[in-house]
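Worksheet: the structure to be examined is printed underneath.
The values are calculated or read from the model by the stated rules, or taken from the named source; none is laboratory data. Keep in mind that this is a model prediction, so the values were computed, not measured. In this analysis, Cβ positions are derived from the backbone assuming ideal geometry, glycine residues included, and neighbour counts consider all displayed protein chains.
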Amino acid sequence: MPTESGKRLCDHGTSGDKPMMGRALLFTILAMTLIFSIISVNMSRSTSIQSDNVARYFDRIHGRNLAQAGVNLGLRRLVYDRNSRASFTRTVSGADVSVSFQDTFYGGRSAIKIAATAALQDQSSPFSFLGRDVTFTSVAYVPKASVPRNIRGAITTNNPTTTSGSMIVDGRDHDTLGVTVIAGQGVFGVWTSNTLTQTGSNKIGGTNMRSIDFAPSKPADTSIIRQNQLPYPTSPDSVLGGPANGYPEGTLKAFAQSGAGGSQYTTDPSTLTYPLRGVTYVELPAGTDWQSCNITGSGILVVHNSTRTAFMKNVNTGPFRGIILCDDISHVNAGVTMIGAVVGLTRDPSTTNDFGNGNSQILFSSDAVANALGKIKIDSVATYTNKVLAWWE
């Protein structure tokens, strides 16, 4: 049987193991706590990174959308004022969107560059390597507005044409006031499918095919006159380019009948209200004339019927800025100014299409023409979007 001393020795060994086990357990708990803390930090960090990735993704989508919205604002500005190049800034959904314009070329075509930049609020990530983008840019190129190809001169006719009196016909490009000449981008003085007779003290100027301007003179320089030309459009809509350019037959008449933008449709010109705006469509019954015409206003003036015999005689009151599309016109009288372009459609004029009578003026203006066409686009809630040459984000 074990001695008492042996028992004491055994008891002494057992009590000595307890502190060692306690320390081991303490180390284990500390190690587990440290490991858990590390895991928790990593999990928290990973969660923050994932949350930040989601936030960055939505910021990118939001910023890109705002930049594209800025381009659309620029397109809309050009619809209202095709000559506008002034930069502007708008606040959209809490962000500043800046839009700028630049005249340039794209694909060999004269174009306008629209650049829009959206600046978001800087919400930097707590992790320096995850810095967020705060600016987003979108760029688009649109063609500059052009004059319909069937408007060949300050006067374009489909019949024997006479200019007389002291009338001035000038195909050089003028501003909408008819004062400033814009060098090198005008049209012919007179373009006709038949012949031109220049009588009285009438003077004709224009821009030739080499973009050289000639001031009005008598006789006119031969390079700014075109006679016996073909083919020739047969209706107001076809003058503007027909279906291929957004003007299927009946477009101008329907727009005038809608009344949009002050447009008017009538078969009796005495019912017109002034100043003319938008599209004014006078559909004269066959065999009737519009005498002592008042054309004061702007836009597109159509005087036409299906037999191409609608006759404007003695244009006494103006001015008019835009496009005049008339079957037959005679005697633009003293003091009346037309700024834009005049197109005659009939092949059988009543009085040999004698335009002049006194010191009247017909001055080509690409701005007046484009503004007249632009009114239709504004009132039909259209933009340049369908004409964009390129668009990047």
*Which one of these is in the same structural domain as residue 354 (by TED's automatic domain parsing), of a type outside the set (A, V, I, L, M) and out of contact with any helix residue (DSSP H, G or I) (no Cβ under 7 Å at 6 or more places or on another chain): 213, 173?*
213
*Residues of the stretch 82-107 being within 18 Å of residue 144 (Cα to Cα), modelled with pLDDT under 90 and among the aliphatic types (A, V, I, L, M), which ones?*
none
*Check whether at least one residue in the stretch 230-248 is in contact with a Ser or Thr (Cβ under 7 Å, 6 or more places away or on another chain), farther than 15 Å from residue 304 by Cβ and hydrophobic (A, V, I, L, M, F, W, C), and report yes or no.*
yes
*In the stretch 54-77, is there at least one residue being exposed (fewer than 15 other Cβ atoms within 10 Å of the Cβ), at pLDDT 80 or above, polar (S, T, N, Q) and under 27 Å from residue 369 (Cβ atoms)?*
no
*Hits in the stretch 208-220 (condition: out of contact with any Ser or Thr (no Cβ under 9 Å at 6 or more places or on another chain) and surrounded by fewer than 20 Cβ atoms within 10 Å (Cβ to Cβ))*: 211, 215, 217, 219
*Exclusive hit being of a type in the set (Asp, Glu), closer than 14 Å to residue 175 by Cβ and in the same structural domain as residue 217 (by TED's automatic domain parsing), set 348, 328, 367, 354*: 367
_Residue that is modelled with the highest pLDDT [pool: residues in the stretch 132-174 that are outside any strand (DSSP E or B) and among the small types (Gly, Ala, Ser)]_ = 171
*Would you check if residue 238 is among the small types (Gly, Ala, Ser), under 15 Å from residue 360 (Cβ atoms) and either touching a residue at least 60 places away in the same chain (Cβ under 8 Å) or out of contact with any Gly (no Cβ under 6 Å at 6 or more places or on another chain) (or both)?*
no
*Residue check for residue 223: modelled with pLDDT of 95 or more, surrounded by fewer than 20 Cβ atoms within 10 Å (Cβ to Cβ) and closer than 24 Å to residue 169 by Cβ*: yes
*Going by the conditions given, is residue 87 in contact (Cβ under 8 Å) with a residue 24 or more places away in the chain, surrounded by fewer than 16 Cβ atoms within 10 Å (Cβ to Cβ) and of a type outside the set (Phe, Trp, Tyr)?*
no
*Identify all residues within the stretch 272-303 that are touching a residue at least 60 places away in the same chain (Cβ under 8 Å) and part of a loop (DSSP other than H, G, I, E, B); write none if there are none.*
277, 278
_Taking the criterion of being surrounded by 19 or more Cβ atoms within 10 Å (Cβ to Cβ), at pLDDT 90 or above and more than 17 Å from residue 388 (Cβ to Cβ), would at least one residue in the stretch 108-120 satisfy it?_
yes
